[in-house]
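Inspection log for the structure reproduced underneath, given as structure tokens.
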Amino acid sequence: EGSGVVVNPHGVEVLTSAKGVPAANWYVAAMLPTAEALAPVYDMQKRMLLATLLLTLLAGLLSWWTLKRQFAPLLTTAETLSAVSDGSQPLQALPIDKQDEIGQLILGFNRLLGILGQREAALRDSERSLKESQAIGGLGSYAFNVTSGFWTSSDVFDRIFGIDETYVRSVEGWLALIHPDDRTRM
């Protein structure tokens, strides 16, 4: 007595149930192909799988859209900071759309940009003062970049040594400024 899934002599999978009838000393058995017996369950499984796939796709698209909207200010900030760092844009405050965590992050970047702008202005003032002082004192200066092998110099230095803007400021150019008798001392 009981139920189960078996393969009948024809090779078909069937759902079988058997029950004994004690008064007649018989057994009653019923067989139904599983494809037919479980068809509604299989159909429901297919519909559930399709619904799950569609809902997963919808949830994914909704998540992507939400994240894109939430992180759009970060993308704009990254693009603006990239343009500022390569010199194609002047230092300026970044726009803040909302006062949330991302807005606080952008506010922090704005503070750093403000400090950077102040330092650049101070550096320009310092360079201008140095040039004025060198011009007043008739002193020149130069800076040699060991990595590139080139050097830069002040206007007064260029005037003292007769260097114009077409002069190649390389090691060889530097050596050409030194008297041949003095090169052996180097």
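The values are calculated or read from the model by the stated rules, or taken from the named source; none is laboratory data. Quantities reported herein were computed from a predicted structural model and do not represent experimental measurements. Here Cβ is always computed from backbone atoms with ideal geometry, including for glycine, and neighbour counts include all displayed protein chains. Ligands, DNA and RNA are stripped out before the accessible areas are found, and what is left, the full protein with its side chains, is counted by its heavy atoms. Shrake-Rupley method; radii C 1.70, N 1.55, O 1.52, S 1.80 Å.
Couple of notes before you dig in:
- Distant alpha-carbon pairs in the range 21-96 (separation over 22 angstrom), percent: 65 percent
- The range 123-139 - phi-based ³J(HN,Hα) in whole Hz, Karplus 6.51/-1.76/1.60, Gly and Pro as x: 5, 4, 4, 5, 5, 5, 5, 4, 4, 5, 4, 5, 5, 5, x, x, 9
- Between 0 and 90°, nearest 10: helix 39-85 axis offset from the chain longest Cα axis: 10 degrees
- Solvent exposure, largest accessible area first (probe 1.4 Å, DNA, RNA and ligands not counted), of S154, S82, S3: S3, S82, S154
- Using the rule -39500 (n - 2.57) for each DSSP H run of four or more residues, divided by the residues of the chain, the 222 nm mean residue ellipticity is -19000 deg cm²/dmol.
- Computed over the alpha-carbon atoms, the range 141-184 gives an Rg to Rh ratio of 0.96, Rh here being the Kirkwood radius from the mean inverse distance.
- Remark: spin-label model distance A18-M44 equals 2.9 nm, labels positioned 7 Å along the Cα→Cβ axis.
- Theoretical FRET efficiency, 1/(1+(r/R0)^6), r = Cβ-Cβ of S129 and E172, R0 35 Å, to 0.05: 0.60
- Figure note: D181, D100, D158 ranked by solvent-accessible area, largest first, 1.4 Å probe, ligands and nucleic acids not counted: D181, D100, D158.
- Surface calculation, 1.4 Å probe, protein heavy atoms: V7 sits at approximately 100 Å² accessible.
- K68 - accessible surface, heavy atoms, 1.4 Å probe, Å² rounded to 10: 120 Å²
- Kirkwood hydrodynamic radius over Cα pairs of the range 67-110, then Stokes diffusion coefficient at 20 °C and 1.002 mPa s, in µm²/s: 200 µm²/s
- Centroid-to-centroid separation of the range 150-172 and the range 72-134 [C-alpha atoms, Å]: 33 Å
- Gyration tensor over alpha-carbon atoms, the range 1-160, equivalent ellipsoid semi-axes in Å: 88, 20, 11
- Computed over the range 67-125: relative contact order in percent, which uses C-alpha pairs under 8 Å that are six or more apart: 30 percent
- In the chain, Cα pairs under 8 Å separated by at least six residues give a relative contact order of 8 percent.
- Spacing of the modelled spin labels on H10 and F71, each 7 Å from Cα toward Cβ, amounts to 5.9 nm.
- Sorting Y42, Y167, Y27, Y142 on solvent-accessible area from highest to lowest, probe radius 1.4 Å, gives Y27, Y142, Y42, Y167.
- Nearest-10 value in Å² for the accessible area of F109, using the 1.4 Å probe: 60 Å²
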